[in-house]
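The structure appears right after this line, and notes come after that.
The values are calculated or read from the model by the stated rules, or taken from the named source; none is laboratory data. This one's a predicted model, so the numbers in the text were calculated from it and none came from an experiment. Here the Cβ positions follow ideal geometry from the backbone for every residue, glycine too, while neighbour counts run over all protein chains shown. Surface accessibility is based on the protein's heavy atoms, side chains included, excluding ligands, DNA and RNA. Shrake-Rupley method; radii C 1.70, N 1.55, O 1.52, S 1.80 Å.
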2 protein chains.
Amino acid sequence: MPPPNPDWVQALKPSGPQGSELLQQERAKSSLNVEQLAEFLFTRENLERQSRLLEILQAHPVFDKTQNYFRGRREAMEVALARAKKLQQLSVEHKWSQDEYEAANDLVSEPTPYGLHASMFLKTLQEQGSPEQHKRFLEPAQRYEIIGCYAQTELGHGSNVRGLETTATWNPEDKTFTLHSPHLTASKWWIGSLGLAANHAVVVAQLILNGKSLGPHPFVVQIRDLKTHQALPNIHVGDIGPKFGYNTMDNGFLLFNHVKIPHISLLSRFSGIDPDTGKYIKPASPVLVYGTLTFIRSRIVLQSGSVLARGVTIATRYCAVRRQFRDADGAGEGESQVLDYTMVQYRLLPLLAASYAFHFTGRAMLELYNANQARMAKQDGRPKSNEKDAGSSILADLHAISCALKAFSSTTAAEGLEVCRRACGGHGYSTFSGIGSWYADYLPTVTWEGDNYMLTQQVARYLLKSARAVISGKPSYNDITRVLERFVREKGKGPAVALDNNQTLVDAFAWRVASLTFEALKNRDEDKQPWNSLLVDFWKLSTAFAQYIVVKTFYEALQDQKVISSLDPETMHLLSKLFQLFTLHHWSPDSYGSAAELHQMQAEQRKRTLSLLGDVRPHAVRLVDAWKFPDWQLDSALGRYDGKVYEDLFHRASQTNPLNDVVFDPYPASPVLFRPEGKQGAYRSKL
Amino acid sequence: MPPPNPDWVQALKPSGPQGSELLQQERAKSSLNVEQLAEFLFTRENLERQSRLLEILQAHPVFDKTQNYFRGRREAMEVALARAKKLQQLSVEHKWSQDEYEAANDLVSEPTPYGLHASMFLKTLQEQGSPEQHKRFLEPAQRYEIIGCYAQTELGHGSNVRGLETTATWNPEDKTFTLHSPHLTASKWWIGSLGLAANHAVVVAQLILNGKSLGPHPFVVQIRDLKTHQALPNIHVGDIGPKFGYNTMDNGFLLFNHVKIPHISLLSRFSGIDPDTGKYIKPASPVLVYGTLTFIRSRIVLQSGSVLARGVTIATRYCAVRRQFRDADGAGEGESQVLDYTMVQYRLLPLLAASYAFHFTGRAMLELYNANQARMAKQDGRPKSNEKDAGSSILADLHAISCALKAFSSTTAAEGLEVCRRACGGHGYSTFSGIGSWYADYLPTVTWEGDNYMLTQQVARYLLKSARAVISGKPSYNDITRVLERFVREKGKGPAVALDNNQTLVDAFAWRVASLTFEALKNRDEDKQPWNSLLVDFWKLSTAFAQYIVVKTFYEALQDQKVISSLDPETMHLLSKLFQLFTLHHWSPDSYGSAAELHQMQAEQRKRTLSLLGDVRPHAVRLVDAWKFPDWQLDSALGRYDGKVYEDLFHRASQTNPLNDVVFDPYPASPVLFRPEGKQGAYRSKL
């Protein structure tokens, strides 16, 4: 560690009004009830749980974050594994529920090598394993006696699961399967927890029976020795190397050279091979698989709100502390807070609104999902024949909505974090801002669980199908068919939008979806345009659909008696402003009579947006406070609750940065590179 | 290093058509003359120089790149310094020109701790030093006997240079200055080459004379001992810590505690203090400073083309090799090349067009700058009194244009690189894609040399001033006033745009600038709206202005006889397609009569864009080949010239990744973390 700062440096303070004073003023300017809003967002129990968990974690040196931003990959992996182990031990010691374990992980805020074991490995065994397989694999996995991962993606195939190349061939003679990687591109790739941690894997491979492929199926396979942790014979496994982020996770590769595995390896709750007859047992309806993906995507929607809120919290607090230039018209005293510039408000506050919008939408999605699961559970997971259409139709709706929302909300969150980082000016580029690493770790979300562009094709397919049903007069009755029917009934005439009337704004977003859907339908069905030529239109359509759902669910939440009774009128009023800001930010006038009318509406949109920015501005700091991120979780010099950003930046640079205890020899002729401070000798580089 | 792959792994090949075959097919599909286009872009001399330099660099193990993506910060700094030293030695040995030195640096493609010495430190001494100061500071600096940096930005002040807090107070009694950092926020911050390398700095400080501040002035100051490299007394200096990118540069901090420096420290070519009388000598006109900034920004415009082209090269080649899903309508055999999807073309090909557009625009800017410098040089750097207005007016034009273009082109390049990374799908997230680190290193460009949002205010100020001059009938005669005059003359009537007529497209972009300028003028001058309320409009206006300049200069290049005579008609035809694609991508119909007319134009724009994407698609690989990036420079598994992307990804992961020679102990109860492979003992973590 570097030596302490000299006394004269320790005596220095930032100039002008202190950050702590500025944030105090910000909080004094608004009377938003932060505690009430926070309890509404997360419940009091969850907030108390967060404090309790924080205390436990901070008591263990392994979770100390002060060196997080300085570690190279190997050291970071070592620490991440140590943390994963400690979290597991604490989980047993304190009898944490799954929710508590995840909340603790959120506070640590980095992926760990146990990540895929604790989620996809256990979940897949649970959902797709038979009782015998539960006993043999799931139970030791739950006790961490075996560590696993979920190996689906391959070097040559990601999105296209049917294209997977790994094969599992049934050998009737000895009732085994042979796992094999026929090509280099068959190598499993990107598999979390596989690179260094796992000794087992669920491997998704093409099931080959009598020379015929029956499509991808999941197999549990041991891949490393349980004692030496070396790869088993004819298995090649390792870490795929560093990534843009997520470097505390050991994403791995895995190849098989004709490896025999027993019959029990094929997870057989839904399909399998009868070991005696060698006959294939067909899978049950894909409805349940649909369900899992829908659940994962719905959670991504809810998470996208808080992921984005972290960046918005940091940027909002820092922009209230940072002052730069006097106002051009001479307003105010001294330099202006950066948050007072409309250019900054225009970038930041719609994202603040989006973080709330996604929270409400994610909640609504999960409620819908849970309601449907409960209904399905009553039917024992299989729709009764007379209810089959309704059941799978609701699932299809949920599936399409979750695809559209996942793509839109995760893209908005990822790109929004980068906007937040830049809104912090030069210091946003410092790792100490805490935004860059968070952004880099979040980025894979735009590609995984369905690439955000790929997903939009599924949404378009659903909307086209709904439109065809409306035209043929046989729609399922749900919200989107009502929107499409109204469009047909009113002959495509756009709604009369009044920017101060929330209902007309929701209608405008609905109209836009219908308009784009019928345009796409005409292109496809009437003009017979190739699917490939419509992909850009589909992407725009899916985005419009997602925006409509967000706007609608946010609006409905504001009408909801449960919401109204939990929040005081001032908070409701402010949430309504956020609704309008989000809505106007994503709205563009589509329906109008003349050029003059359009221009008029654009001018009104501009004026109203500016006015909303002004309305939200005084409450911005309290609105981010309500997200209740502990400083320890944010780990940001710029986003500190107390506003002491310059002191923190300086402390981290001069006192925690290990680079400051080495000394350079700066001259070109010298081969000496570094001298550890205080030592007399110098060491020569090998270079 | 990890052990070699087993034989059965070494025998594996990727499935299906090989990447090398696919890229050969791509190159066979187009007859674009890559060599001719490359020579036109860079000149044959420069391309030969590149090959020569590449050979020299590759002969030195210090430049070996195979471990670049695995190093932690300290090790990366050590290697970067070793490389900087070797580059300097090679530069002396081979008598490289400044251009050759920079070209070699470009091939190495990472910032080094000599970066700010070799650029801003030498340049500032050269331009602002007196002959005596040249002898005392510049000459030893050129011989690398002293190493320096340029210390302007402070912890509390970046963009607002007048707000800098560091003071340099003149002491008449002993003819010295006292440098002092009165607050923590006065600490110099972000200063490249300062953290570990520099022993001197040009420090920009408020000059205080008789208790009065005369604004920021540059002082040369020794900060570290020339032998021990320890900070001099009452100076506190160090590295500011890790950043989102640029981690091979030692950005530093610097504080002074009443440090006395001699009179000669104030760089005095343009202003100074008479040591005998203690009187201030006023600076010459700021025209020359303007000039330097304009030059730097013009270079950023040119660079943005090649910066973006690197990402486009990698993504285009990889998207031609990567195949995923069959065409939805069953077209083609097997899976489609990802580059055939219109959704991918729509994201990638307009960026390919932008890389060319920025190249032409940057070239035109530098030509304008050079022509003006030559004209000014004839006048000995100072405009003659009767030419003063014309001279400074041209500089003001260049200044505004360079601000607008810098903001637009660097934002487009930075965001474009991220689009390229995502277009590579999952593998784009691997560090081995070569895009992520390049993007992260480039990002500061959107904030430095004028924050891209801040700059747009200067552009708007210039356009408002031009519009006022046009209205008052006293414009300087230049392109933009002609555009504004035409708008006034034609009473704001928009041009009749034909999408297949390039001239009408250029006119449409010009019209848009004029329309937004007069709208802003009305808001400001007639309606007296606060400056702060107009910042978003100004940003849009500046962007529209930059787009107009790019479209215009690209169009003019296509008419230029020099260009036409250097390239065959097929290449000219393809460049014209790129012009149209860039233009249509940034165009939106602004001027129309009715809603139906607007809708019609949008439909035409959609159709034409699709058709242009189809026209450019077959030539995409050859168009990126013409940028002539050596594989060694790209250092990308995905962007290899020969298309062997899967082999390269696999090789890097399994054979160069140092994480694969450690073994985890995966069980939670064990405190053992790593065992170096092959060793019997295990070491216990301190954690």
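Numbers for the structure displayed
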read-out	value
Verdict on B:Pro113 being in contact with an Asp or Glu (Cβ under 9 Å, 6 or more places away or on another chain), facing chain A (nearest Cβ under 10 Å) and either surrounded by fewer than 21 Cβ atoms within 10 Å (Cβ to Cβ) or not aliphatic (A, V, I, L, M) (or both)	yes
One residue from B:Ser437, B:Ser433 being facing another protein chain (nearest Cβ under 9 Å) and crowded, with 24+ Cβ neighbours inside 10 Å	B:Ser433
Every residue from segment A:660-671 that is touching a residue at least 24 places away in the same chain (Cβ under 8 Å) and within 7 Å of chain B (Cβ to nearest Cβ)	A:Asn660
Selection count where residues are buried (at least 24 other Cβ atoms within 10 Å of the Cβ) and outside any loop (DSSP other than H, G, I, E, B), scope segment B:138-158	3
Residue list for segment A:484-512, filter: open to solvent by less than 20 Å² (accessible area, probe 1.4 Å) and not in a loop (DSSP other than H, G, I, E, B)	A:Leu484, A:Leu505, A:Val506, A:Ala508, A:Phe509, A:Ala510
Hits in segment A:641-659 - residues which are surrounded by fewer than 23 Cβ atoms within 10 Å (Cβ to Cβ), more than 10 Å from every other protein chain (Cβ to nearest Cβ) and in contact with a helix residue (DSSP H, G or I) (Cβ under 6 Å, 6 or more places away or on another chain)	A:Tyr641, A:Asp642, A:Lys644
Unmet criterion (only one of (1) in contact with a His (Cβ under 7 Å, 6 or more places away or on another chain); (2) crowded, with 19+ Cβ neighbours inside 10 Å; (3) more than 14 Å from chain A (Cβ to nearest Cβ)) for B:Leu164	(3)
Verdict on A:Tyr346 being open to solvent by 10 Å² or more (accessible area, probe 1.4 Å) and over 24 Å from A:Ala626 (Cβ atoms)	no
Residues that are outside any helix (DSSP H, G or I) and either touching a strand residue (DSSP E or B) at 6+ places or on another chain (Cβ under 8 Å) or open to solvent by less than 100 Å² (accessible area, probe 1.4 Å) (or both), drawn from segment A:460-483	A:Ser472, A:Gly473, A:Pro475, A:Ser476, A:Asn478
Candidates B:Leu308, B:Leu351, B:Leu339 - the one that is in the same structural domain as B:Asp441 (by TED's automatic domain parsing), touching a residue at least 40 places away in the same chain (Cβ under 8 Å), within 14 Å of B:Ala423 (Cβ to Cβ) and over 21 Å from the mean Cα position of the chain (by Cα)	B:Leu339
Candidate set from segment B:84-100 (those that are open to solvent by less than 20 Å² (accessible area, probe 1.4 Å) and under 22 Å from the mean Cα position of the chain (by Cα)); member that is farthest from B:Tyr442 (Cα to Cα)	B:Leu87
Of the criteria (1) within 28 Å of A:Tyr356 (Cα to Cα); (2) polar (S, T, N, Q); (3) part of a helix (DSSP H, G or I), which one A:Ser588 fails	(3)
Flag if B:Gln58 is within 14 Å of chain A (Cβ to nearest Cβ), open to solvent by 60 Å² or more (accessible area, probe 1.4 Å) and either under 24 Å from B:Asn247 (Cβ atoms) or without any contact (Cβ under 8 Å) to a residue 12 or more places away in the chain (or both)	no
Conditions (1) open to solvent by less than 10 Å² (accessible area, probe 1.4 Å); (2) outside the structural domain of B:Pro172 (by TED's automatic domain parsing); number of the one not met by B:Arg299	(1)
Extreme residue, farthest from A:Asp648 (Cα to Cα), among residues of segment A:427-452 that are assigned to a helix (DSSP H, G or I) and aromatic (Phe, Trp, Tyr)	A:Tyr442
Conditions (1) touching a Phe, Trp or Tyr at 6+ places or on another chain (Cβ under 8 Å); (2) modelled with pLDDT of 95 or more: number failed by B:Val663	(2)
Segment A:516-569: number of residues that are open to solvent by 20 Å² or more (accessible area, probe 1.4 Å) and among the small types (Gly, Ala, Ser)	3
Residue among A:Gln222, A:Gln206, A:Gln230 that is open to solvent by 10 Å² or more (accessible area, probe 1.4 Å), touching a Lys or Arg at 6+ places or on another chain (Cβ under 8 Å) and outside the structural domain of A:Ala404 (by TED's automatic domain parsing)	A:Gln230
Among (1) open to solvent by less than 40 Å² (accessible area, probe 1.4 Å); (2) over 24 Å from the mean Cα position of the chain (by Cα), the one test that A:Phe579 misses	(2)
Any hit, segment B:94-103, residues being of a type in the set (A, V, I, L, M) and touching a strand residue (DSSP E or B) at 6+ places or on another chain (Cβ under 7 Å)	no
